[in-house]
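Comments concern the structure below.
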Amino acid sequence: MRLETDFLVVGSGMAGLWFAYRVSRHGKVLVLTKKDDSESNTNYAQGGIAAALGSDDSPQQHLEDTVKAGYGLCDPDAVKVMVKEGPRLVRELEGLDIGFSTEGDHLQLGIEGGHTRRRVAHAADTTGQAVEWGLIKAVRSAPNVTLYEHHFVIDLLTDEGGCCCGVLSFDRESGKFTEIHAKVVMLATGGLCRVYEHTTNPPIATGDGVAMAWRAGAKVADLEFIQFHPTSLFGARIDGRAFLISEAVRGEGGILRTPDGERFMPRYHPDAELAPRSVVARAIYNELRTRRLDYVLLDLSSIPPAHILKRFPMIADTCKRFGLDITREPVPVVPAAHYSVGGVRTDLWGKTSIPCLYAAGECAHTGVHGANRLASNSLLEALVFADRAAQAATTQEASLPSSKKINPFERQLRSIEDSSLLNSLISSLRQTMWRFAGIVKSMSQMEQGRAKLAELSHELEALYPEGIFSPGIRELRNMLLVGDLILRSALSRKESRGLHYVEEYPDTLPEAVHTVLSPKD
Ligand code: FAD
Ligand code: SIN
């Protein structure tokens, strides 16, 4: 089957939906998403979206905090753009009836690690869901937009000049493959932390966008910077997801303690529980390892119970389902893989190194986060750079490709049902990444990790040769590729910086450089 559109958007989280909403007055828009429309990392965001909105704040202050958290690696121009355009766009988002929490006639602003001001707009602790639903409503009622759920994008199509001109997708319901041609393609496929055994990310976060951009020839950057969130609920899984206990809980006064009651964070950083995430996650890792603990405790006893229930109703409710009353008991927590700082390299307008291919959100690398993302800056990055990509895409000269010029897919794909055989390979991959590419890394372990991923790739190819397709097989192939790119990037950085800590190279080098990999090298 073959379809045509002007703007093709892959992914229905913050970045994809905002882009679709913005370009909808300029042509036909098709949004493809591989699960239900709202299933995305965006949907689970808790803390909120950071922007200089308070009377005591300014974009300059937000810039300084972002750059400080980024350990010398933030791209200053990208940060400038984000903090400057952020407040206006968050106000516009608010205008879509998102239901942000308010105090009197202004937004209630939260605070999280590394922010020196209250600047996190939120909808209690279900900000992501509120944003996701608000945007879906806006996109569904916008002119010219069609949204197909359960459409799995397999790969990008390129023409003989190397420009992106569409995608090959698979409709899970009809079992049909479709070539979709477009003037512009926006990759907004989100994160990749499902490559790790313990992660806050939902099952969609398999790094498909990074993998397909790489196969099409795009550059990727800084994939070694994986952010581990310090506090996920110990021993609890929902859909394979570690349940997040928002950093905003520490912002409201939550204190980290060992099970015997010692407050340990002041030993690691003057900002204690509100130190940058990389510091807090490594401190917990260290306490767990040296004291042989299963978890540490997040003590909420300084926060009045009524405030806990008003500010964190979903967290309180979910913990209750796991038998824990957070208004009375401390919460057992452990770190979990949470966010990918790296991704498909883009410029300040969301353009990748492939003409007509844009990327925004977690699958993209704009350079704003440097070596450590400041909490609640990712929804903002997705919003700001999807917006700029929309401006660029609606003003660029582009035409639909002539079918003859599109590089044909070399193999015929044959679809099969996802099989349970895959599950053990997926588990091995995720355990390998957790063990060999975790919070603290070593060069020899990373080499072992790469070797193990190569073995798993061989096993996968033996079981399912290239032309055999199911979404699960494709996701595993993507995860193996992305896992290897993370390890390659990490091995090439001979220093520790921000989120990246290697035992053999504990110091930070004077010069900060990005790790850029290209399939053409
Ligand atoms: P996503 O929202 O993940 O959307 C990706 C979309 O792409 C999905 O619709 C997915 O189905 C689709 N997709 C992927 N692959 C394919 C494919 N092959 N074919 C078709 N469709 C595909 N950030 C903050 O700033 N503040 C927070 O409070 C916050 N809290 C968080 C809490 C949790 C539990 C998690 C997991 C993350 C949190 N983050 C937070 C990070 C933030 O949510 C994400 O970085 C951001 O939402 C990413 O948005 P996105 O649009 O790039 O991707
Ligand atoms: C959280 O609420 O702690 C998540 C915020 C983020 O990842 O930015």
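Of the strands (runs of 3 or more DSSP E) contained entirely in the stretch 66-175, those carrying at least 3 residues that are more than 11 Å from ligand 1 (Cβ to nearest atom) fall at 164-171. Within the stretch 25-48, residues that are over 19 Å from His122 (Cα atoms) have Cβ atoms under 6 Å from residues that are more than 6 Å from ligand 1 (Cβ to nearest atom) and small (Gly, Ala, Ser) in these pairs: Val29/Ala20; Val31/Ala20; Leu32/Ser169, counting only partners at least 6 apart in sequence or on another chain. Residue check: is Leu348 in contact with a strand residue (DSSP E or B) (Cβ under 8 Å, 6 or more places away or on another chain), more than 12 Å from ligand 1 (Cβ to nearest atom), modelled with pLDDT of 95 or more and of a type outside the set (Val, Ile, Thr)? No; evaluated as a whole, the condition is false for this residue.
For (1) among the aromatic types (Phe, Trp, Tyr); (2) within 15 Å of ligand 1 (Cβ to nearest atom); (3) closer than 24 Å to Ile439 by Cα, each residue gets a yes or a no:
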| site | (1), (2), (3) |
| --- | --- |
| Arg291 | no, no, yes |
| Cys319 | no, yes, no |
| Gly323 | no, no, no |
| Ala375 | no, yes, yes |
| Glu397 | no, no, no |
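Being more than 15 Å from ligand 2 (Cβ to nearest atom) and either among the β-branched types (Val, Ile, Thr) or touching a strand residue (DSSP E or B) at 6+ places or on another chain (Cβ under 6 Å) (or both) holds for only one residue in Ile245, Ile255, Ile284, and it is Ile255. Here Val210, Val220 are screened, and the one residue that is surrounded by 20 or more Cβ atoms within 10 Å (Cβ to Cβ), of a type in the set (A, V, I, L, M), within 12 Å of ligand 1 (Cβ to nearest atom) and closer than 30 Å to Cys164 by Cα is Val210.
Scanning the stretch 2-44 for residues that are at positive phi and more than 7 Å from ligand 1 (Cβ to nearest atom) turns up just one, Gly27.
Scanning the stretch 263-299 for residues that are touching a Pro at 6+ places or on another chain (Cβ under 7 Å) and assigned to a loop (DSSP other than H, G, I, E, B) gives Leu293, Tyr295. Within the stretch 1-46, the set of residues being crowded, with 24+ Cβ neighbours inside 10 Å and of a type in the set (Gly, Ala, Ser) comprises Gly11, Ser12, Gly13, Ala15, Gly16, Ala20, Ser40, Ala45. Candidates Gly128, Gly113: the one that is within 16 Å of ligand 2 (Cβ to nearest atom), touching a helix residue (DSSP H, G or I) at 6+ places or on another chain (Cβ under 6 Å) and under 20 Å from Asp57 (Cα atoms) is Gly113.
Scan the strands (runs of 3 or more DSSP E) fully inside the stretch 328-374 and keep the ones with 2 or more residues being in contact (Cβ under 8 Å) with a residue 24 or more places away in the chain and either of a type in the set (Asp, Glu) or within 16 Å of ligand 2 (Cβ to nearest atom) (or both).
Working: elements: 331-340, 343-345, 357-359.
Correct list: 331-340.
Determine whether the stretch 201-210 contains at least one residue that is modelled with pLDDT of 95 or more and among the acidic types (Asp, Glu). Yes: the stretch 201-210 contains one or more residues that are modelled with pLDDT of 95 or more and among the acidic types (Asp, Glu).
The values are calculated or read from the model by the stated rules, or taken from the named source; none is laboratory data. Just so we're clear, the structure is a prediction, and the values are computed from it rather than from any experiment. A quick note on method: Cβ atoms are made from the backbone with ideal geometry, for glycine too, and the neighbour counts reach across all protein chains shown.
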